[in-house]
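The values are calculated or read from the model by the stated rules, or taken from the named source; none is laboratory data. Note that the structure is a prediction, hence the values are computed from the model and not measured. Neighbour counts run over all protein chains shown; Cβ positions are idealised from the backbone, glycine included.
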Amino acid sequence: MTRENTKASILLVEDEENLHEALNLNLELEQYEVTSAYDGVEALKAVEDMEKFINDNEPSKEHLKEKFICLSNRVQNLENILKSEGIL
């Protein structure tokens, strides 16, 4: 998937494998470019690697915080569905 076809880049940090894979698939189906990490160490390494690609044209911190809150709510809904279906 090329950057032109994606909505945005997302760093997915989740240590529970089934939830991680479900979220990753869901985000990719929504056309997000996903970077995965299974723990804090991997997440910090990914952030360090991505910093060189961040420039002044990226959204403001407030905009990113708003998107994060929205995404967090969607993740919680997905987790509730997976639990109700007995997957988690």
**When residues of region 46-71 are limited to those that are exposed (fewer than 12 other Cβ atoms within 10 Å of the Cβ) and at pLDDT 75 or above, the one nearest to GLU33 (Cα to Cα)** = ASP49
**Item:** Enumeration of residues in region 7-47 that are part of a loop (DSSP other than H, G, I, E, B) and touching a residue at least 60 places away in the same chain (Cβ under 8 Å)
**Value:** GLU16
**Item:** Hits in region 67-88 (condition: assigned to a helix (DSSP H, G or I), touching a residue at least 60 places away in the same chain (Cβ under 8 Å) and out of contact with any strand residue (DSSP E or B) (no Cβ under 8 Å at 6 or more places or on another chain))
**Value:** GLU79, LEU82
